[in-house]
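Beneath this line is the structure, given in structure tokens, with notes to follow.
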Amino acid sequence: MKVTDILKRKNATLSFEVFPPKTSDKFESISRAISDIAALRPDFMSVTYGAGGGTSAYTVQISRDIKEKYGVNSVAHLSCISSTRVDVAEKLALLRADGIENILALRGDIPADFAGNMEYRYASELVEEIKAYGGFCIGGACYPEGHPESESLFSDIDNLKRKVEAGCDYLVTQMFFDNDIFYSFLAKVRDAGIYVPVIPGIMPVTNAKQIKRTMALSNSILPTRFRRIVDRYGDNPAAMRQAGVAYATEQIIDLYANGMKAVHVYSMNNAAVARAIKDNLSEIVV
Ligand code: FAD
């Protein structure tokens, strides 16, 4: 089912993001984690796409398994940074043949040493191409704190508008740790005339090492309230996991309470964390 149809059918949806293995020896263990997450019956699961291309075949395979083996709606990510138009046409044909209905269309991060020829400069060009191909529900990424390369949040939202006009049916946000940042972003997005559904993305941060990596990648601000949790429990993995799940749960409940109908969780193939979040919402997401 298309994500936009899923969103219309329920008052509160919960979805999980997973990533494919980088190498074939990890395929079994990652498949098991993905199957455990699918057993939680999320409204959909999305599967990331390695910018370097190494895991791209697995993205399609895992998206198909989620849908066919586990009976859960799936979204395949597709990034265009090092792709030619021929590569993209091949991927779209593969996704169509496998019955995948949803694509999250991304540019991908440009590697520091990238010297190749970019046939796609921005995700909006990929969105345009998928739209012309027809038949897919197309998602795009957005950034409540601004994309790291953008001059300002406003110029980033101008570019986001172009991407939506190119054919995005819905948007998913980068992670954020302060819901007020998201509410303020959403108001700006609507003021800019962007009316497609915006799904907030929440990352349960459950170990101290993950925090450093996450902050570096996401450009997100870590609020004092969360920083104190890390300072206090960062050296105690079990306590940090419990506190990280509780913090993410509180963010999610606040989002639903403020009228959001969908939340996407960056579950990072951690089935125990996904299950803990789902259990905490057992009377909220039904
Ligand atoms: P774009 O929408 O192209 O934006 C990139 C930058 O270009 C922004 O600063 C934007 O303001 C600017 N820009 C856009 N259009 C124009 C224009 N016309 N003129 C001037 N500037 C412009 N990466 C992966 O490799 N694989 C994944 O599976 C993946 N999944 C993700 C899922 C989500 C929900 C999110 C939020 C990110 C994900 N990423 C993934 C990371 C993403 O690829 C990077 O953040 C990348 O740097 C930007 O991708 P984008 O699609 O947002 O790019």
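The values are calculated or read from the model by the stated rules, or taken from the named source; none is laboratory data. These numbers were taken from a predicted model, which means no experiment stands behind them. Backbone-built Cβ (ideal geometry, glycine too); neighbour counts: all protein chains shown. The area values use the complete protein model at the heavy-atom level, side chains included, leaving out ligands, DNA and RNA. Shrake-Rupley method; radii C 1.70, N 1.55, O 1.52, S 1.80 Å.
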Label-to-label distance, nm, for residues given as Ala239 and Arg227 (7 Å Cα→Cβ offset): 2.0 nm
Residues of type aspartates and glutamates that Lys69 reaches as a straight line, Cα spacing below 14 Å, ignoring anything fewer than 8 places off in the same chain: Asp36, Asp98
Aspartates and glutamates whose Cα lies under 16 Å from that of Lys91, excluding same-chain neighbours fewer than 8 positions away: Glu101, Glu119, Glu125, Glu128, Glu129
Segment 130-213 - charge dipole about Cα centre, Lys and Arg +1 at Cβ, Asp and Glu -1, debye rounded to 20: 300 debye
Accessible solvent surface per residue of the chain, calculated while the other protein chains remain in place, 1.4 angstrom probe, Å²: 47 Å²
Cross-link reach list, lysines versus Lys212, counting only Cα pairs under 28 Å and skipping chain neighbours closer than eight places: Lys22, Lys26, Lys278
Fraction of accessible area attributable to carbon and sulfur, the chain (%, probe 1.4 Å): 50 percent
Only Lys, Arg (+1) and Asp, Glu (-1) charged, at Cβ; the chain dipole about Cα centre in debye: 560 debye
Cα gyration tensor shape for segment 102-205, rounded if a/c is under 1.5, else prolate or oblate: oblate
For Ser79, distant residues with modelled amide H under 5 Å away: Leu106
Separation between Cα centres of segment 239-286 and segment 122-199, rounded to whole Å: 23 Å
Derived scalar couplings ³J(HN,Hα) [segment 13-24; Karplus, 6.51 cos²θ - 1.76 cosθ + 1.60; whole Hz; x for Gly, Pro]: 10, 10, 10, 10, 9, 10, 10, x, x, 7, 10, 5
Farthest positive-ward along the chain dipole, Cα basis, beta-carbon charges - from Val265, Tyr183, Ile277: Ile277
Met1-Ala57 pseudo-label distance in nm [points 7 Å out on the Cα-to-Cβ vector]: 3.3 nm
Cβ-placed point charges (K, R +1; D, E -1), dipole of segment 1-111 about Cα centre in debye, nearest 20: 280 debye
Formal net charge of residues neighbouring Ala248 (Cβ-Cβ distance under 12 Å; K, R +1; D, E -1): 0
MRE, 222 nm, helices only [DSSP H, n ≥ 4, -39500 (n - 2.57), over the chain, to nearest 500]: -14500 deg cm²/dmol
J(HN,Hα) series, segment 87-102, from Karplus relation 6.51 cos²θ - 1.76 cosθ + 1.60, nearest Hz, glycine and proline x: 4, 5, 4, 5, 5, 5, 5, 5, 5, 4, 4, 8, x, 6, 9, 10
Which listed pairs, of Lys10/Lys163; Lys131/Lys163; Lys2/Lys67, have C-alpha distances above 21 Å, in listed order: Lys10/Lys163
